[in-house]
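To keep things clear, I will list the structure first and then write my remarks on it.
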Amino acid sequence: MSAGVDVRSTRARPRMRNVLWFLSLVFTGLAMVPSVAHLAELSNKIDLSREDYLTVQQTYRNWALWGIVVMLALLTTAALTIAVRRQVRAFVLALIAFLGVVGTQVVFWTFTYPANQATNNWTVLPDNWQALRSQWEYSHAASAVLNLIAFLAVAAGAASRDAAGEG
């Protein structure tokens, strides 16, 4: 053992990075679930009548709980980005993932949430409900793309870091 080097801490760092890659993969993957579900149903919902759309929107009650998963995706990708900051390839991929998850939040708070507020979480349809529907549906489509980018960036980093010697 060299003077001033704690062997346990040097072994723990790669393990912690492995845990962060894994958790980031899990939470970015889980964060993708609701947005991809919205994207998959968009073509069937975008032309629904007022009454049918209001009925279908009620299936999303309690989906706000997915926010926990999104917060965990934000936290784990942020921690991963910091943990791999000295490894260029890993850092770039982790940063892309983190920014993808941040991007979903920008989209949500800029487009989705205001539509939810204007419709009292889709229990009331104001006169401009069709514009709000488009805003809501397409914001979820954009989030699906951003979530996919985040997930693929984490997957690429997790798959390539050992081969690149970045353990």
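Nothing in this text is a laboratory measurement; each read-out follows from the coordinates by a stated rule. None of these values were measured; they are calculated from a predicted model. For neighbour counting, all protein chains shown are included, and Cβ atoms are generated from backbone atoms with ideal geometry for every residue, glycine included.
Points to keep in mind about this one:
- Count of residues meeting criterion [closer than 16 Å to LEU146 by Cα and either touching a Leu at 6+ places or on another chain (Cβ under 8 Å) or not small (Gly, Ala, Ser) (or both)] in region 36-65: 3
- Residues within region 117-134 that are under 22 Å from the mean Cα position of the chain (by Cα) and surrounded by fewer than 17 Cβ atoms within 10 Å (Cβ to Cβ), tallied: 3
- A single entry from VAL70, VAL84, VAL88 fulfils the requirement of being free of Cβ contacts under 8 Å to residues at least 60 places away in the same chain and crowded, with 19+ Cβ neighbours inside 10 Å: VAL70.
- Subset of region 35-61 [without any contact (Cβ under 8 Å) to a residue 40 or more places away in the chain and in a helix (DSSP H, G or I)]: ALA37, ALA40, GLU41, SER43, ASN44, GLU51, ASP52, THR55, VAL56, THR59
- Some residue of region 36-54 being of a type in the set (S, T, N, Q), more than 14 Å from the chain's Cα centre (by Cα), farther than 29 Å from SER160 by Cα and surrounded by 13 or more Cβ atoms within 10 Å (Cβ to Cβ): no
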